[in-house]
1. Can you tell me how many residues in segment 124-159 are more than 30 Å from Pro88 (Cα to Cα) and in contact with a Leu (Cβ under 6 Å, 6 or more places away or on another chain)?
2. Tell me the residue from Arg28, Arg91, Arg34, Arg97 that is outside any loop (DSSP other than H, G, I, E, B) and out of contact with any helix residue (DSSP H, G or I) (no Cβ under 9 Å at 6 or more places or on another chain), please.
3. Can you confirm whether segment 399-415 contains a residue that is over 19 Å from Pro451 (Cβ atoms) and touching an Asp or Glu at 6+ places or on another chain (Cβ under 9 Å)?
4. Is it fair to say Glu71 is of a type in the set (Asp, Glu), touching a Cys at 6+ places or on another chain (Cβ under 7 Å) and more than 23 Å from Arg184 (Cβ to Cβ)?
5. Any idea which of (1) of a type outside the set (Gly, Ala, Ser); (2) open to solvent by 80 Å² or more (accessible area, probe 1.4 Å); (3) at pLDDT 80 or above is the one Pro492 doesn't satisfy?
6. Identify the single condition in (1) free of Cβ contacts under 8 Å to residues at least 60 places away in the same chain; (2) not in a loop (DSSP other than H, G, I, E, B) that Ala70 does not satisfy, given that it satisfies every other one.
7. Quick check on segment 79-95. Is at least one of its residues surrounded by 20 or more Cβ atoms within 10 Å (Cβ to Cβ), in contact with a Phe, Trp or Tyr (Cβ under 6 Å, 6 or more places away or on another chain) and in contact (Cβ under 8 Å) with a residue 12 or more places away in the chain?
8. Look through segment 153-193, keep the residues that are among the polar types (S, T, N, Q) and not in a helix (DSSP H, G or I), and return whichever of them is least open to solvent (accessible area, probe 1.4 Å).
Amino acid sequence: VLQIVKESQQQHGLRHGDFQRYRGYCSRRLRRLRKTLNFKMGNRHKFTGKKVTEEILSDNRYLLLILMDAERAWSYAMQLKQEANTEPRKRFHLLSRLRKAVKHAEELERLCESNRVDAKTKLEAQAYMAYLTGMLRFEHQEWKAAMEAFNKCKTIYEKLANAFTEEQAVLYNQRVEEISPNIRYCAYNIGDQSAMNELMQMRLRSGGTEGLLAEKLEALITQTRAKQAATMSEVEWRGRTVPVKIDKVRIFLLGLADNEAAIAQAENEETKERLFESLLSECRDAIQAVREELKPDQKQREHSLENDSGKVSNIQYLHSYLTYIKLSTAIKRNESMAKALQKALLQQQRSDEDGKRSPRPQDLIRLYDIILQNLVELTQLPGLEEDKNFQKEIGLKTLVYKAYRCFFIAQSYVLVKKWSEALVLYERVLKYAREVQSGAGAHRNSLKELPDVQDLITQVNAEKYSLQAAAILDANDPHETESPSQVKDGKPLSERFETFCLDPSLVSKQVSLVHFPPGFQPIPCKPLFFDLALNHVAFPPLEDKVEQKAKSGLTGYIKGIFGFKS
C-alpha cells in the first residue's frame, strides 16, 4: 500500500506540492480501473452504486479502487488546506473530504481482513487507516485521539521496517519521520513543554531538505510559537522596555533565541545558510508588520521625538530593534560565509583542484564590504544616535572588519606581485588592529563574537616577512628578466630577419608578417618648368606671309548677295 501511494505521489505532482494534479491523476486511474474490471457505476443516464465485497476479490485491482478513492479524497483535502489560508470557509469542505478519505480507508482495512490478502498488506492497510484517522483528528484539534492514531501508525511502520531488508525499510522510515513532528505537536498541546525543543531539533536534523516535511515542520513550529506569543507583552533592549502588540512580531521574538541556537548547532554550512535565510525572512516580515503600524500615524512619524523626554516613540524604537536584529544577523551570515571561504582558500593552497571555480581574495573583500555597509546602517538607527556605548561598540567592530578587509586586499596584491602596495596595506592592517586593542577596554564582551585581532596581527607579521623575501627573490631572479628571445616589440617578421625571436603567433591564425596596409613614404615630386626667356625673345616679322584681305564696299556687298564673285 505505502509503496503504491508514494510512487504515485512522487510521479504525479506531490514532489512539487501540486495536490490538484495528483487528484486529477487519481480520478483518471479510477476511471481506467473501473473500465478494465467492468465495474461501472451505471451508465451515463442512471447511477447505480456498487460496493467491493470479499466475494469479488479475485483481482488485487479491486483493492486499488478503494485505495485510489481514499487518495483522491485526501489530496482534495490537502488542496483545500492550502487554499484555506486565504479563504477560511474552505476549511469545512476540507474536513468533509478527510472524513470521506477515512471512510474509504476503513473499507480498505475491512476488505484486507480477508484470507486472500497477505499479512504485510493487512498491516499496511491498518497503518494507512491510522494515518488518515490521525490527520482528521489533528484538523479537528482532538490532540489525544490524533496522538494515539499517529502512534499506532508509527508502531506498525517501525515493525515493518525491522522485518524487511534495508532497501524496503527506507520507505517505512521516511513515513515515520513524516508523522513524528505531528506526534510531538500533539504532545505539546496536551501539555508536554519539551515537545517544542524536539520540533526544533527535527528541523535542524532535516538539514537543507525541501518539500512536505520541511514545510510541515515550519508550520508546526509557527503554530506552537503563536500559542506562546499570547503571554508575551513587552521586550527590553538596551535599558528600555517596549510593549509588543503585533502578533507577528511576538512570534518572531519568541523564536529568535531558538533560531540562533539552531544556527549555532548546525553541522554544515548548507544547513547554517538555510537557517540564516529563514531567520532573515521572518525578520523582514516582522519589520513589514511594524511599518504598516507606523503608516496610519503619519503625524507621529513626522515628529518622532517626544517633546518631554527627547526619545523616539515605542513603535519606532521597536522598529529600530528589529532592524538591528536583521542587520546583525546579516553580518553573522556574511562572517560565516567569509570563514568558509577562508577555509577553501587554505585548502586551495594545499591542493589545486581543476574543473571548479576556485575562491579568490576578491570574494572575501566583497563580503567585508557588505559587512561594513551594514555597520554604517546600524549607527544611523533612530533612537540610538545618543547612545555613546553603542556607537563605540560599532566603531570597534568597524575597525576589526576594516582590518580584515585590508588584509585580503593585500593578499590580492600579492597574487599579482605588487609587493610595495601589499606591504603598505599590511601596515594599515596592523594600525587598525592596534587601535582595536587599545580601545577595547570595557567593550571586550561585545567583541567576543568577532574574529580575534591578535591572530590577525601574528598572521600579518608572518606574511610581511614572506612578502619581503618574495620581493627580493623576484628582483634577483634571472629568469624573470627579459631575454631577446622573449621580447615582443610588435615588429612584423619582415623587419626582424636579423634577430632570432620566439614568437608563438607565427603558428597562429593572426601572423604578423608585414605592416598592412603599408605606411606612407616620401617620394620626389614631378618637376615644374617656368619659361622665363619668353619675355625677352624678338620674333621675326610675318607680315609678308599673312594674306591681305581685299577692301570691299557697297558694290562688293551687292555682288555677294547675288552670288557674283570678283
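The values are calculated or read from the model by the stated rules, or taken from the named source; none is laboratory data. The model shown is predicted, which means the values in this text are computed figures rather than measured ones. All Cβ positions, glycine included, derive from the backbone under ideal geometry; neighbour counts span all protein chains shown. Side chains included, ligands, DNA and RNA excluded: accessible areas come from the protein's heavy atoms. Shrake-Rupley method; radii C 1.70, N 1.55, O 1.52, S 1.80 Å.
1. Count: 3.
2. That would be Arg28, the only listed residue that is outside any loop (DSSP other than H, G, I, E, B) and out of contact with any helix residue (DSSP H, G or I) (no Cβ under 9 Å at 6 or more places or on another chain).
3. Within segment 399-415 (the criterion being over 19 Å from Pro451 (Cβ atoms) and touching an Asp or Glu at 6+ places or on another chain (Cβ under 9 Å)), the answer is yes, since at least one residue qualifies.
4. yes
5. Every condition holds for Pro492 apart from (2).
6. (1)
7. yes
8. Only one residue fits best here, namely Thr165.
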